[in-house]
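Notes follow once the structure below has been shown.
Read-outs: derived from the displayed coordinates by stated rules, not from any lab. Being a predicted model, the structure only gives us computed values, none of them experimental. Counting neighbours? That spans all protein chains shown, and the Cβs are built from the backbone with ideal geometry, glycine included.
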């Protein structure tokens with residue numbers, strides 16, 4: 001069963017072990033999101049294959065494919081929101097404007 005992580009009230013991030021991770025752009029069409037997730041998973045499998053084989057060039061190419069898919073999904077690169085709020089990806093939730101929200105979570109949620 002896939003774990004469920006708490007999502008910030010504005011939907012921009014989810015929290016894993018206290019750290020914010022940028023969510024996928026909710027404006028993506030479902031078909032586009034599915035296509036990009038499929039590409040991401042294929043690239044991640046290729047990372048594993050290349051790492052296991054000791055293929056440094058293949059690993060670099062696969063890493064670039066992972067990055068490209070994550071940028072297209074909105075999880076990396078330019079932010080997908082338009083209000084000028086900063087990108088807090090990978091910040092600890094307790095040190096961000098989400099600190100009060102995070103402190104109110106059940107300890108088992110994050």
Legend entry - Members of segment 55-92 that are part of a loop (DSSP other than H, G, I, E, B) and loosely packed, with under 14 Cβ neighbours inside 10 Å: 78, 82, 83, 84, 85, 86, 90
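Is it true that some residue in segment 3-21 is in a helix (DSSP H, G or I), touching a helix residue (DSSP H, G or I) at 6+ places or on another chain (Cβ under 8 Å) and surrounded by 11 or more Cβ atoms within 10 Å (Cβ to Cβ)?
no
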Legend entry - Residue list for segment 5-15, restricted to those being under 15 Å from the mean Cα position of the chain (by Cα) and either closer than 20 Å to residue 77 by Cα or without any contact (Cβ under 8 Å) to a residue 40 or more places away in the chain (or both): 7, 8, 11, 12, 13, 14, 15
